[in-house]
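Working notes for the structure below.
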Amino acid sequence: MIAIPVEHCLLLSVMLFCLGLLGVLVRRNIIFVLMSMEIMLNAIGLAFVSGGARWGQADGQVMFLLVITLAAAEVAIGLALVLQLYQRYRTLDIETISKMKG
Amino acid sequence: MILAWLLLIPFIGGLVAWLADRKKLVDPALVTLATLLLDLLIVIGFYFTRDAPIEISGQQWMAVLELAWIPRFGIGFVLALDGLGLLMVLLTLFLGVVAVLSSWQEINHRKGFFYFNILWTMSGVIGVFTSLDLFLFFFFWEVMLIPMYFIIGVFGHENRIYAAIKFFIFTQASGLLMLLAIIALVYFHHQSSGVVTFNYFELLGAELSASVAYWLMLGFFIAFITKLPGVPLHTWLPDAHTQAPTAGSVILAGVLLKTGAYGLIRFAVPLFPEASAEFAPVAMSLGAVSIIYAAAMAFAQTDIKRLIAYTSVSHMGFVLLGVYAGNETAARGAVMTMLAHGMTSAALFAFAGAIGQRIHTRDMRQMGGFWRSAPRMGAIVLFFSVAALGMPGLANFVGEFLVLLGAFKANMLLTCIAAIGLILAPVYSLIVIQRIFHGKRLVEKPIPDVTTRETVMMLMMIVVTVGLGVFPQPVMELMASSLDLLPVVAFNDEAGMVSQ
Amino acid sequence: MLEFLWLVPLLPLLGFLLLVLLPLTKRAAAIVGVGSVGAAALLTLLIVVELFGLSSDAQVFRQIYWTWMQAENFTAQFAFYLDPLAAVMMAIITGVGFLIHLYSVGYMDEDPGFARFFAYMNLFIAAMLVLVLGDNLVVLYLGWEGVGLCSYLLIGFWYDSHANGYAARKAFVVTRVGDALMALGMFLLFLHLDTLDIQQLMANANDQWQTGSSLPTIAAALLLGGALGKSAQIPLQTWLPDAMAGPTPISALIHAATMVTAGVYLIARTHELFLLAPDIMFLVALIGATTLFISGFTALVQTDIKRILAFSTISQLGYMFLALGVGAWSAAIFHLMTHAFFKALLFLAAGAVILCVHHEQDIFKMGGLRKRLPVSFWSFMIGGLALVAVPLTSGYYSKHEILFAAAGNENSGQLLWLLGVLGAVMTGLYTFRLIFTVFFGEENTRVHESTVGLVVKLPLVVLCLLSIVGGWFVLPLDHVFPASEEQAISGITSLVTDVAPFVGIFIAYLVFHQNKALADAVVAHTPGRLLQRFWFSGWGFDWLYQKILVNPFMLFVRINKNDIVDSFYRLAAWLMRLIHRLFGLTQTGRMQWYVGSIALGVVLIVGAGIFS
């Protein structure tokens, strides 16, 4: 089995993370923001897995499982909130729902 | 055990008053009055039936109660009563009665909550005057603060929230300093002796380096001088007094300010005798400045309660001067001034409230010529104004005279400055009479004269004021042993000394 | 009777309490008010008779009631001390006081504050008695402040007018300046002599202090401050003329006969201390001489009948201070007594005049009242003659004693004497200016034909009698004061002293009766007018105090009404709010900003971690 170099994996995960971050920063639709966050979480998960593989330890996989659960929980709550927001404001534009100003 | 009851009775009474109002059983004012009278009776009864004094580390105590509370940190539930404490507790309860009588008709909504707060303040104040464990003392120090905050903030006048928060922040911030000083004191005491304790008697002899003692003393001093209050930490007082309901002003001026002075006498000076002696010239200067500055400020005011508030600052300046003069004459004068000021300022505030209820303003520019329709009220206010300006034969004179006499021994220059206060006192006292009772009548309809309830209340206070002014000696002997710990400091300003 | 000494001040005090606490009818109020003082006067008479019946070195009586205050080595007993000096003062206070109370029943008849008036008057008598009977300086101070309070209350008796209230407060505050100095003097005395008991104090002072050393000088100066305030001497004299705002009997009782002499009494009482401070003695004499001179000129140009008498009082008090300063103690007390008689008489007579001319006080709106008001006229005449010290009247004896003592003083005696004699000329001048203007000339006012009742006439008659015969007594004060050596007075001095009042009267006759145009002509020219205005204002003292003391104080309190100290706390609160607002700006409510800043923060922190 050809081992993929850990650097490549990390590079991919960084790229995915940055893509996700960019998505969070520039998308205005909440659904897309949530999806971008999912990408970020998965990027981190990738980094964990590759790290675990590199050191031959189970910790990385364990952390990935944790991240998956976390992401699932987050999506569940996040989507519920999105539904509520949509019902209340009839929009999913994040700019228009900026009520929490200081 | 009597001491615990003293605390518990108003504590329980407060709950009863609240419940009584909720269930519409009895008037909470009546409950409060009964509670305070019961407490007063117990104190008086205790005074006449007390056993031989108990001696703890060279001091005489009438009663001591010591229970373990948090033994791990050396915190005990230590209550003790001596002459000074007894006088203060009596003053507290007496003025509590006055406060209830003066707010009889003023408070009409949430009565139960109001009287609950009054009684809990009383409880906290009595705790302050009796507790001899520093942690417990701090606990009560905070306990009396919160009900007072509600009294001002909920039942006060138009600008009450601002005043209540200002009052709270000033007292809280300075209380924090005291807490730090207490903890540091315990820590340093632990370092030198290996014992963790908050007990007053054990901390009395704590060995501290001079600089540490000085800083800790400052922590206590700032907390107490804020409460006293002395210039420049006095500015919460005019606002709090102006906005508080009548009963709040009465308790605030008559009782709460005394806790600051009491703290100086009981804790700040005896715990750090050398540091206090070193600091005394500064403290006395602050006292002298308070006397004059506040007197001038009082004259400038047009709001009657604000004016009286500033006179309080001026009078408490005498207390500050007396406590730090370092001799017994001045210390006795300081305590007499505390008692006397308790009477006069409480009476004047009660009247400011009574006038406010009649014409719905505190602005003296809208008053005038009230003597014609309310001569008895005029006479009574005149009496207390005259008492406040230090007329011999009335209580304030005894205090101020002894303070100045003692302070003169310690520092001539500052005493001479403080004596200017004697000149300014009639300036601000008599302007009250002039603006409210003399001159042309500005209000159309005549204001009603004093009611029977007000007359009874005022007669009580007049009797005490005259009694203290003419026969102060029994009271002074009662307090004598409590003042032993105020060190006799021999410091003099050479410049002011006259060589023979 | 001596053991009933305590009852003397207590009687008027009880009268006061009754008048204050009970709603009495007018008649009952008069009975209580006058009766209590009358009883006190009667009791005083018995006590004085008994005291002077004792052998001369046993004429001392002390009564201790209770310990007032005690702390460390300080003890103030509530105690009375009666000696010939106190007895004389007591007699004057209760005697003249009783007459004036009686007069007031008629004078205040129509006033709605009748009971209040008598309450204050009774309280005043009680306080004044405590003042003179006090065994120690603290009890004396009790009376001292008490009379000040009553003075305040009575000056502002007609409280409707703001001017009255102002005058009352001015009187209280100005005298309080002196009181504060006196209190400091007491502290100094106690600090060094360990007692405030007057007799003990004097003994200790004599033992421990040397004549002319700095401590007795300072102590005496401070006590003098108190005396100057109460006795309205320069520089604290400004309150007395304004004090005339009170009802006329008050002016007679408090501001002429009794209270204002408290300063004289204080110095006489502590004369041993003053003897230890010759510099201060000279200062006392100088202040007295200056005051009598200056206020003589001021009295000359006043137009208000009561103000003339007020300045005359200041001037006569100046004579008493002059006497004290040159060590003529009994002459000072003697003049105090005769002055109490004739000045009370003058004020009461003036009061009768004022009543009859509808409360008009300007003398130039009166005139020719001699025939319409014979009782007042003759009272005024007798009082005036005693005031200017015409031979055979009481004032003659006392004033001459003072002037001779001044002339014989080795310390600038000639100057003091000269000022005194010039003052005597002025006295004649202003007194007869008043008499000629009010009682002679043509009638130009409507006289209110009220039958002056017996209660008004009787005190006038008695005081007339006393003003004449008062000088024939010899006050039995030899054992109280050190004997002053007989001065050899040259014939010329004596002659000039005798003639001086007549010169004044003669000038007054020329200028204010014979040739009235003369006075107008003097005032018509600019220098004359300026001088008149200057004198009229009391030599500008009020103006000066207004400028250097009152105005700066008022300015300070007006600017600082909102308390400069509080602005620091307000500044702190404002700063907190500012910071709060700044941080609040970052709370945009836009999630992208938050995410972006988090990312940026992470990059920065990680970067810092890597590159450091």
Within region C:563-579, of all residues that are open to solvent by 60 Å² or more (accessible area, probe 1.4 Å) and facing another protein chain (nearest Cβ under 9 Å), the one farthest from B:Phe168 (Cα to Cα) is C:Phe568
Taking region B:313-337 and keeping residues at the interface with chain C (Cβ under 10 Å from one of its Cβ atoms), of a type in the set (S, T, N, Q) and part of a helix (DSSP H, G or I) leaves B:Thr329
Here the residues within region B:363-379 that are crowded, with 24+ Cβ neighbours inside 10 Å and within 11 Å of chain C (Cβ to nearest Cβ) are B:Phe370
I'd like to check something: does region C:199-210 contain any residue that is crowded, with 24+ Cβ neighbours inside 10 Å, touching a helix residue (DSSP H, G or I) at 6+ places or on another chain (Cβ under 9 Å), in a loop (DSSP other than H, G, I, E, B) and outside the structural domain of C:Leu415 (by TED's automatic domain parsing)?
no
Considering only helices (runs of 4 or more DSSP H) wholly within region C:497-587, the ones with at least 3 residues that are under 30 Å from B:Leu233 (Cα atoms) and of a type outside the set (D, E, K, R) are C:551-559, C:564-586
C:Phe293 meets each of (1) in the same structural domain as C:Val353 (by TED's automatic domain parsing); (2) surrounded by 24 or more Cβ atoms within 10 Å (Cβ to Cβ) with one exception, condition (2)
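Could you please find all residues in region C:574-612 being basic (Lys, Arg) and over 25 Å from A:Met40 (Cα atoms)?
Correct list: C:Arg577, C:Arg581.
Picking from C:Phe74, C:Phe4, C:Phe61, C:Phe52, which residue would you name as being within 14 Å of chain B (Cβ to nearest Cβ), touching a helix residue (DSSP H, G or I) at 6+ places or on another chain (Cβ under 8 Å) and either open to solvent by less than 10 Å² (accessible area, probe 1.4 Å) or of a type outside the set (Ser, Thr, Tyr) (or both)?
Numbers: C:Phe4 fails: within 14 Å of chain B (Cβ to nearest Cβ); C:Phe61 fails: within 14 Å of chain B (Cβ to nearest Cβ); C:Phe52 fails: within 14 Å of chain B (Cβ to nearest Cβ).
From the options C:Phe74, C:Phe4, C:Phe61, C:Phe52, the qualifying one is C:Phe74.
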When (1) open to solvent by less than 70 Å² (accessible area, probe 1.4 Å); (2) at pLDDT below 90; (3) more than 14 Å from every other protein chain (Cβ to nearest Cβ) are applied to A:Asn29, the one that fails is (3)
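Among the candidates B:Val282, B:Val289, which residue alone is under 19 Å from B:Ala388 (Cα atoms) and surrounded by fewer than 24 Cβ atoms within 10 Å (Cβ to Cβ)? Before the answer, list the steps.
Details: B:Val282 fails: under 19 Å from B:Ala388 (Cα atoms).
B:Val289 is the lone residue from the list that is under 19 Å from B:Ala388 (Cα atoms) and surrounded by fewer than 24 Cβ atoms within 10 Å (Cβ to Cβ).
Go over the candidates C:Gly148, C:Gly156 one by one and state the one that is closer than 28 Å to B:Ser373 by Cα and touching a His at 6+ places or on another chain (Cβ under 8 Å). Don't jump to the end; show me each part of the working.
Values: C:Gly148 fails: touching a His at 6+ places or on another chain (Cβ under 8 Å).
Among C:Gly148, C:Gly156, only C:Gly156 is closer than 28 Å to B:Ser373 by Cα and touching a His at 6+ places or on another chain (Cβ under 8 Å).
Here's the yes/no breakdown for (1) surrounded by fewer than 20 Cβ atoms within 10 Å (Cβ to Cβ); (2) within 18 Å of B:Met88 (Cα to Cα):
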residue: B:Leu414; (1), (2): no, no
residue: B:Ile420; (1), (2): yes, no
residue: B:Val432; (1), (2): no, no
residue: B:Lys445; (1), (2): yes, no
residue: B:Arg453; (1), (2): yes, no
residue: B:Leu459; (1), (2): yes, no
residue: B:Pro472; (1), (2): no, yes
Residues of region C:155-172 being more than 7 Å from chain B (Cβ to nearest Cβ) and touching a helix residue (DSSP H, G or I) at 6+ places or on another chain (Cβ under 6 Å), in sequence order, are C:Ile155, C:Trp158, C:Asn164, C:Ala167, C:Ala168, C:Lys170, C:Ala171
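Can we say B:Gly342 is surrounded by fewer than 24 Cβ atoms within 10 Å (Cβ to Cβ) and under 21 Å from B:Phe383 (Cα atoms)? First the steps, then the outcome.
Working: surrounded by fewer than 24 Cβ atoms within 10 Å (Cβ to Cβ): no; under 21 Å from B:Phe383 (Cα atoms): yes.
Against the criterion (surrounded by fewer than 24 Cβ atoms within 10 Å (Cβ to Cβ) and under 21 Å from B:Phe383 (Cα atoms)), B:Gly342 does not qualify.
In region C:173-192, which residues are open to solvent by 10 Å² or more (accessible area, probe 1.4 Å) and facing another protein chain (nearest Cβ under 7 Å)?
Going through region C:173-192, the residues open to solvent by 10 Å² or more (accessible area, probe 1.4 Å) turn out to be C:173-174, C:177, C:181, C:184, C:191-192.
Residues satisfying the conditions are C:Val173, C:Val177, C:Leu184, C:Leu191.
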Expected output for region C:161-179 (first residue more than 15 Å from B:Gly390 (Cβ to Cβ), partner among the acidic types (Asp, Glu) and open to solvent by 10 Å² or more (accessible area, probe 1.4 Å), Cβ below 9 Å, 6+ apart or cross-chain) is C:Ala163/C:Asp242; C:Tyr166/C:Asp242; C:Ala167/C:Asp242; C:Ala168/C:Asp242; C:Lys170/C:Asp242; C:Ala171/C:Asp242
| field | Flag if B:Ala223 is closer than 28 Å to C:Phe568 by Cβ, more than 23 Å from the chain's Cα centre (by Cα) and assigned by TED's automatic domain parsing to the domain that holds B:Leu119 | value | no
Taking region A:70-100 and keeping only residues that are over 17 Å from C:Arg590 (Cα atoms) and either among the β-branched types (Val, Ile, Thr) or not in a helix (DSSP H, G or I) (or both), one is left with A:Val75, A:Ile77, A:Arg90
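Modelled with pLDDT under 95 and surrounded by fewer than 24 Cβ atoms within 10 Å (Cβ to Cβ), is that true of B:Val313? If you could, list the steps in order and put the result at the bottom.
On the way: modelled with pLDDT under 95: yes; surrounded by fewer than 24 Cβ atoms within 10 Å (Cβ to Cβ): no.
No.
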Counting only residues in region C:565-610 that are more than 21 Å from A:Leu19 (Cα to Cα) and among the aromatic types (Phe, Trp, Tyr), the one modelled with the highest pLDDT is identified as C:Trp574
**Residue in region B:241-249 that is closer than 25 Å to B:Glu328 by Cβ, in contact with a Leu (Cβ under 9 Å, 6 or more places away or on another chain), in a helix (DSSP H, G or I) and open to solvent by less than 10 Å² (accessible area, probe 1.4 Å) present** = no
Residue pairs within 8 Å by beta carbon, gap of at least six or interchain, first lying in region B:49-78 and of a type outside the set (A, V, I, L, M, F, W, C) and modelled with pLDDT of 85 or more, second assigned to a strand (DSSP E or B) and exposed (fewer than 13 other Cβ atoms within 10 Å of the Cβ), listed first then second, are B:Gly76/B:Leu67; B:Gly76/B:Ala68
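The values are calculated or read from the model by the stated rules, or taken from the named source; none is laboratory data. Keep in mind the model is a prediction, meaning the values are calculated, not measured. Backbone-built Cβ (ideal geometry, glycine too); neighbour counts: all protein chains shown. Accessible surface is based on the protein model in full, side chains and every heavy atom, while ligands, DNA and RNA are left aside. Shrake-Rupley method; radii C 1.70, N 1.55, O 1.52, S 1.80 Å.
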